[in-house]
Amino acid sequence: MNSFSYARPSDISMAVGELATHEGAKFIAGGTNLLDLMKENVERPNRLVDINRLTLNTIDDTEDGGLRLGALVTNADTAYHPAVESRYPLLSRAILAGASAQLRNMATNGGNLFQRTRCYYFYDLATPCNKREPGSGCGAVHGYNRIHAILGTSDQQPETTCIATHPSDLCVALSALDAVVRVTGPNGDRTIPFADFHRLPGDEPWLDHTVQPGELVTAIDLPAKGFSDYNTYIKIRDRQSYAFALVSVAVGLEIENNRITDARIALGGVAHKPWRKPEIEAMLVGQNLSEADFQSVAEALLAGAKGYGHNTFKIELAKRAIVRALKQAANLEPAS
Amino acid sequence: MTKYIGKSINRVDGVAKVTGKAKYAAEYKAADLAHGWVISSSISKGKITRIDAEAALQLPGVIQVFSHENRPGLAWFDMSYKDQDAPPGSPFRPLRDATVKYSGQPVALVVAESLELARYAASLIRIEYEEEEHETALEHNLHRAREPKSGVASLLKPPPPKPRGDFEKAFQRAAVQVSGTYVHSAEHHNPMEMFATTVVYEKNDKLTIYDKTQGAPNSQLYVSQVFGIPFKDVRVISPFVGGGFGAGLRPQYQLFLAVLAARELKRSVRVSLTRQQMFTFGHRPATVQNVSLGASADGKLEAIRHDAVGETSQFEDYTEIVVNWAGMLYPAQNVTLTYNLVPLDVYTPIDMRAPGGVTGLSALECAIDELAHQVGLDPVEFRLKNYTERDMNEDLPYSSKELRECFRQGAERFGWANRTPEPRSMRNGHTLVGWGMATGIWESMHMPARAEAVLTVNGKLRVSSATADIGTGTYTIMTQIAADTLGMPIEDVIFRLGDTDMPLAPIQGGSWTAATVGSAVKVACEDLGKKLFKMAQKMPHSPFADVKLEEIVFENAHIRLKKDSSVAVSLLDIVGTNGGRAVSETSTSVPNMLEQRKYARAVHSAVFVEVEVDEDFGTVRVTRAVTAVAGGQILNPKTARSQIIGGMVWGISKGLEEESVMDHQFGRFMNHSLAEYHVPVNADIQGLDVIFVEETDTIVNPLGVKGLGEIGIVGMPAAIANAVFHATGKRIRSLPITLDKLL
């Protein structure tokens, strides 16, 4: 761990100002990921700007019938909030599938969006990693890649190869719900649709997201449509708790007269960001439940998936999980 | 007369542990304490060409950076570096020279005024290497397998017995045959407490060392020999150990580094390892096994072949008993057992809970299950049909063996009779249910040990021995034994351990501590009793003047006449005649080898497991398990049960989750954190049940106890794999059984 200075601003403009005036500074909220990364010398901020005193810790209704989740509300408080439980049970389920109770009590919603990959090579300075050290190569692609991505990877050029996954559960649900992230920064406020928040590795695997340096996430807006009647979150992992998803699936359906009228499917554990394909979700719209072809949807979602040896099993596993999740969400099967 | 032995006495150290009063090696304070931070090699083989510590040394508060370039001269010969558990070979010497022998090797120690500063300084040090080709993959190097070198360690770990009968012929003729290859990767112990040493630099250059170890005397021996310090100037103290599991059987490198720094700087130094560094020393070795079994059509086991190849380092031949169990458990007449090693560019493996035993039985007991299935016999029935009262390796009878009763009681508790034999026959929606079982065995060892018993002037009994309590309950059972032996109320008895100023005991391992130290405590208390009796006889108007030892009992802190309990003298009164001094006795317990060698001595278990497998996802859960143990006299059912449950949990871990995964590109274990190195969480564990079958053994040791440290784990992984087969019809021969193997 390096030597760093510390600031604890009391309002948002001061916090944003801190980052604008200190190159190499980083925001810290719950610290559940950042501190681990600092201990391993993966992150080396020279200044920590503690934002826990900012008043971003409420959950409020929005004018258009949605819900605004303050960036500093903890994962636990979000999951157990009555409005989230009743209107966005998918989000509650996803959050509670993640981490451990202790971590959820510390981790914040804003921080969760910036959670970094669990790739072993990213964490280990003795091995190459393009995400940690641009241009150094990728240890995982020919190494132990059991937890790695099968979709949207970058593997053509050694210096930009990256098959890391985004580890969040919460983000998979936010993706399915079409959440919108509100940020503020030196150039004012803006909103980022969730689909554009995280990015694929492409030519710049060191970039996880599209937030600009110095910008601060203030809230996450959930649209009114919460899929509260038909939803599920399936997380497949190596143990019952405190393990990252090998594959996870968030499904939200709207069903009228036994017919699907809207469908969302987001996958976790398979790509550098929560994986969605609205055009494939559309295949389900209009289908009758009793005849719905969930297998074709699963096949279509995994089209182009590529395994790297240890993680090749994820392709079949993801398909099975999608089929199960769709059945569960549609109440054709009990939740597992 | 036993008032406490056999009773569920609460842990005598429990309150200290849960209130934080129990102190561990890294928690001891010293004036002017300096803090060390270990830098680990990033390559697995090669040479250090340059160490640039300039930037680190310039930081105010950084005291020194130690490496091979500036370390002091130390003992020359390998002999000096051999600890009590050193296998044959040339022990690893930290900072010896520029050579890197394995990934994660300690290559430098930064010492600073604070831990934070040492850690930061370490991040500024640049080390350059010249890399060489490394070999770390066991499965790619099986052609290099060779016999292990023998040494002192072979005494406790005998090589496989010579072949008996003619395996090849019998196997070819056998009506039913099974063959399979079984593999597992390395595993790391990962006790909760990280390895740490606090060296207190005393006046006159003496050292008081608080070390995480399973044997304070072993650390003392090592430090004394390596640094050339007389024994009397090195005191090692280790009263509490936050889990050991075998990792603490040998001194770890933080002890060497802390002592080196303390002596060079002439001040107190603490060195703690990080969780990542807990993956940079001994581990359970990756092993490849082949098992072939042949049986007659009616299920009589006729031929056994069990071959194992384990990894070891390039510098020591670590061995464990992997294949001998087949010859101990089954009476087949044609048996060939082999065990070989492949040296790789890794650190020397070290004993890890049930070393070799859980490895070998995970393969053997799966193969037995497979054979039973082929023959068409229930797996319990098959084992009863092939039961032996003798250890066929040694051709000796067992001193006791209530395994039949384990099968019977375990099966009954589990409800085994309701099992439908056909795989995939017990289903509930997507969930496939499977029931599997296996046998467990572990040798019941007994070593020499010493203990001191002291009756204080206040009439309290203080007993001590330099053993360890790695969480097993040693404090508690020794207190029970002492209290019963001298007829004292348990609250007046204090047992202490983990200090080289105490009488010598062996390292705590191999499940031998209860028998070994327990016997020493018993003898010491008996001898103290004799001494007190003699003193009582010399008291004025002693009622015992003409009484023989056989005619009295020790009861409720008194010596009483057996035939008239009203005739009594209190121990307090006896010690009162000693001129204000305590009365003490130090005794040695030595196993009765003449008698013991006529018998094979082992603890046995039968394990029954239920799993649920998600048919689509391959996820496996152990939903309940029963272990029935024949472990001789159970000193304390509560701590004993905890021991067995701990072993069962670890068996679930080994069966389903646990694995140190090495990337052979880098020769480095990659999942070196507890987020990625999976062991069970509470949510994984349910329905564990333990039965202690009644078993009397007058041979095994004076207490009739059999160690329970290993027996809880040995049969679990095989029982789980067998249950998975019953659930799915898939025979998985590679542990852990992660979901991808079942898709």
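Summary table
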{"quantity": "Residue satisfying condition, being modelled with pLDDT of 95 or more and under 19 Å from B:Thr213 (Cα atoms), within set B:Ala25, B:Ala34", "calculated": "B:Ala25"}
{"quantity": "Pick from segment B:254-279, criterion under 13 Å from B:Ala196 (Cβ atoms) and in a loop (DSSP other than H, G, I, E, B), ranking: least open to solvent (accessible area, probe 1.4 Å)", "calculated": "B:Leu273"}
{"quantity": "Residue that is farthest from the other protein chains (Cβ to nearest Cβ) [pool: residues in segment A:289-330 that are open to solvent by 50 Å² or more (accessible area, probe 1.4 Å), modelled with pLDDT under 95 and over 19 Å from A:Arg276 (Cα atoms)]", "calculated": "A:Glu291"}
{"quantity": "Those residues of segment A:18-48 which are of a type in the set (Gly, Ala, Ser) and either surrounded by fewer than 19 Cβ atoms within 10 Å (Cβ to Cβ) or over 16 Å from A:Pro186 (Cβ atoms) (or both), in sequence order", "calculated": "A:Ala20, A:Gly24, A:Ala29, A:Gly30, A:Gly31"}
{"quantity": "Unique residue being open to solvent by less than 10 Å² (accessible area, probe 1.4 Å), on the phi < 0 side of the Ramachandran plot and acidic (Asp, Glu) when the list is B:Asp740, B:Asp684, B:Asp663", "calculated": "B:Asp663"}
{"quantity": "A:Tyr121 vs. criteria under 23 Å from A:Thr161 (Cα atoms) and surrounded by 17 or more Cβ atoms within 10 Å (Cβ to Cβ)", "calculated": "yes"}
{"quantity": "Qualifying residue in segment B:42-57 (condition: in contact with a helix residue (DSSP H, G or I) (Cβ under 7 Å, 6 or more places away or on another chain), open to solvent by 30 Å² or more (accessible area, probe 1.4 Å) and either assigned by TED's automatic domain parsing to the domain that holds B:Pro251 or among the basic types (Lys, Arg) (or both))", "calculated": "yes"}
{"quantity": "Of all residues in segment B:93-107 being within 19 Å of B:Glu132 (Cα to Cα) and open to solvent by 20 Å² or more (accessible area, probe 1.4 Å), the one that is nearest to the other protein chains (Cβ to nearest Cβ)", "calculated": "B:Lys101"}
{"quantity": "Selection from segment A:234-262 of residues that are surrounded by 21 or more Cβ atoms within 10 Å (Cβ to Cβ) and away from chain B (no Cβ under 14 Å)", "calculated": "A:Ala250, A:Val251, A:Gly252, A:Leu253, A:Ile260"}
{"quantity": "Count of residues meeting criterion [within 12 Å of chain B (Cβ to nearest Cβ), surrounded by fewer than 21 Cβ atoms within 10 Å (Cβ to Cβ) and outside any helix (DSSP H, G or I)] in segment A:75-114", "calculated": "1"}
{"quantity": "Among (1) touching an Asp or Glu at 6+ places or on another chain (Cβ under 9 Å); (2) at the interface with another protein chain (Cβ under 10 Å from one of its Cβ atoms); (3) not hydroxyl-bearing (Ser, Thr, Tyr), the one test that B:Lys654 misses", "calculated": "(2)"}
{"quantity": "Scope segment A:189-224; condition open to solvent by 50 Å² or more (accessible area, probe 1.4 Å), touching a residue at least 40 places away in the same chain (Cβ under 8 Å) and part of a loop (DSSP other than H, G, I, E, B); matching residues", "calculated": "A:Leu200, A:Asp203, A:Glu204, A:Trp206, A:Pro213, A:Ala224"}
{"quantity": "Flag if B:Gly729 is closer than 28 Å to B:Gln374 by Cα, touching a residue at least 24 places away in the same chain (Cβ under 8 Å) and away from chain A (no Cβ under 14 Å)", "calculated": "yes"}
{"quantity": "Complete set of residues in segment B:438-467 that are touching a strand residue (DSSP E or B) at 6+ places or on another chain (Cβ under 7 Å), in a loop (DSSP other than H, G, I, E, B) and closer than 14 Å to B:Ala520 by Cβ", "calculated": "B:Pro448, B:Ala466, B:Thr467"}
{"quantity": "Residue within segment B:608-620 that is open to solvent by 20 Å² or more (accessible area, probe 1.4 Å), more than 14 Å from chain A (Cβ to nearest Cβ) and of a type in the set (Ser, Thr, Tyr) present", "calculated": "no"}
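A quick yes/no check of all residues on (1) part of a helix (DSSP H, G or I); (2) touching an Asp or Glu at 6+ places or on another chain (Cβ under 9 Å); (3) away from chain A (no Cβ under 14 Å); (4) touching a residue at least 12 places away in the same chain (Cβ under 8 Å):
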{"residue": "B:Ile699", "(1), (2), (3), (4)": "no, yes, yes, yes"}
{"residue": "B:Leu703", "(1), (2), (3), (4)": "no, no, yes, yes"}
{"residue": "B:Leu708", "(1), (2), (3), (4)": "no, no, yes, yes"}
{"residue": "B:Ile713", "(1), (2), (3), (4)": "yes, no, yes, yes"}
{"residue": "B:Ala718", "(1), (2), (3), (4)": "yes, yes, yes, yes"}
{"residue": "B:Ala721", "(1), (2), (3), (4)": "yes, yes, yes, yes"}
{"residue": "B:Phe725", "(1), (2), (3), (4)": "yes, yes, yes, yes"}
{"residue": "B:Lys741", "(1), (2), (3), (4)": "yes, no, no, yes"}
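The values are calculated or read from the model by the stated rules, or taken from the named source; none is laboratory data. Since the structure is predicted, the reported quantities are computational estimates derived from the model, not experimental observations. Positions of Cβ are backbone-derived with ideal geometry, glycine not excepted, and every protein chain shown enters the neighbour counts. Ligands, DNA and RNA are excluded from the accessible area calculation, which covers all protein heavy atoms including side chains. Shrake-Rupley method; radii C 1.70, N 1.55, O 1.52, S 1.80 Å.
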